[in-house]
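The structure appears below as structure tokens.
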Amino acid sequence: MENKDILLTLAEIAEYLKLSEKTILKMVKAREIPCAKISNQWRFLRSLIDDWLIAKMEVIPRNDLSRLIEQQADQVPLSRLIAPAGIIAIPDQATRDQALLCMTDTASELSIISDSLTVHHKIMEREEMISTGIGNGFAIPHMRTPSSLVTGGPRIIIGIASEGIEYDSLDGLDVRMLFLILSDSEIVHLRIIAKLTRMLSNKKTAASLLNNKTPQEVYRIIAEYERSLLLSTTEE
């Protein structure tokens, strides 16, 4: 079976997409294509590129918030994508499958998605490709591609798993907090992942999130983190 979870070089991705390396570099600089810089060299994950291509080929409705994030990514805080009712406690001893179903059911109840079971199935398909457990007790589950099933997005549903969930994470640790991304826009989807990853890489914020169990406290910590970012940007 072909391994799609491989890294491609600039030359390889240019050949794969049938574009010139110069065009790819322009797309990279404009943040139009998912990539990462490793030792001053651009690398592209084949599976993520395939997801990106599929999304580009679909006609997906975009709401006003999606357009705002696409145009002004840094101006839209994560807290605006989170409703207090969208921060839930995962039942003790729940499996990964059960935890994610609780979250899609919540999204359906909040009129964010139109079909909980179908979205759950798509999320599980993504998990079977490679775990979204990023380590240190966190996971960022999502569908492989944005979907028209997301009728009230973009939004983030947060699941608090006090006992931890076996999740096949990158570091082998159980997941204690899940951030489910729901979006109808590929660009928005990637930018939310980037924002979440940046926040969760902040050791102080990550520790605070794992040590607080109530929806109110979790929301407050995220809002405080974003205020600190705004202050540091203003002072520069």
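Looking only at region 26-44, residues that are surrounded by 10 or more Cβ atoms within 10 Å (Cβ to Cβ), under 24 Å from the mean Cα position of the chain (by Cα) and assigned to a helix (DSSP H, G or I) come to 2 in all. Can you find even one residue in region 184-202 that is outside any helix (DSSP H, G or I), at pLDDT 85 or above and surrounded by fewer than 16 Cβ atoms within 10 Å (Cβ to Cβ)? Yes, some residue in region 184-202 is outside any helix (DSSP H, G or I), at pLDDT 85 or above and surrounded by fewer than 16 Cβ atoms within 10 Å (Cβ to Cβ). Give the number of residues within region 203-214 that are surrounded by 13 or more Cβ atoms within 10 Å (Cβ to Cβ) and either under 19 Å from LEU182 (Cα atoms) or of a type in the set (Val, Ile, Thr) (or both). The number of residues fulfilling the criteria is 1.
Starting from residues that are modelled with pLDDT of 90 or more and hydrophobic (A, V, I, L, M, F, W, C), keep the ones in region 145-172 and report whichever is nearest to ARG31 (Cα to Cα). Top of the filtered list is ILE156. Would you point out which residue out of ASP97, ASP105 is in contact with a helix residue (DSSP H, G or I) (Cβ under 9 Å, 6 or more places away or on another chain) and either of a type in the set (S, T, N, Q) or surrounded by fewer than 17 Cβ atoms within 10 Å (Cβ to Cβ) (or both)? The match here is ASP97.
Could you tell me whether ARG126 is touching a Lys or Arg at 6+ places or on another chain (Cβ under 7 Å), modelled with pLDDT under 85 and of a type in the set (Lys, Arg)? No.
Taken over region 137-183, residues that are among the aliphatic types (A, V, I, L, M), in a loop (DSSP other than H, G, I, E, B), more than 14 Å from the chain's Cα centre (by Cα) and buried (at least 18 other Cβ atoms within 10 Å of the Cβ) amount to 1.
Selection of first residues in region 114-128 that are within 12 Å of LEU180 (Cα to Cα) and in the same structural domain as LEU100 (by TED's automatic domain parsing) and of second residues that are hydroxyl-bearing (Ser, Thr, Tyr) and crowded, with 19+ Cβ neighbours inside 10 Å, restricted to Cβ pairs under 6 Å at least 6 apart or on distinct chains, gives the following pairs, ordered by first then second residue: VAL119/THR104; HIS120/THR104.
Residue-wise test of (1) among the basic types (Lys, Arg); (2) closer than 16 Å to MET103 by Cα; (3) in contact (Cβ under 8 Å) with a residue 40 or more places away in the chain.
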residue: GLY133; (1), (2), (3): no, yes, yes
residue: PHE138; (1), (2), (3): no, yes, yes
residue: ILE158; (1), (2), (3): no, yes, yes
residue: GLU163; (1), (2), (3): no, no, yes
residue: GLU166; (1), (2), (3): no, no, yes
residue: LEU170; (1), (2), (3): no, no, no
residue: HIS189; (1), (2), (3): no, no, yes
residue: LYS204; (1), (2), (3): yes, no, no
residue: GLU226; (1), (2), (3): no, no, yes
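The values are calculated or read from the model by the stated rules, or taken from the named source; none is laboratory data. These numbers were taken from a predicted model, which means no experiment stands behind them. Note that we place each Cβ from the backbone using ideal geometry, even for glycine, and neighbour counts take in every protein chain shown.
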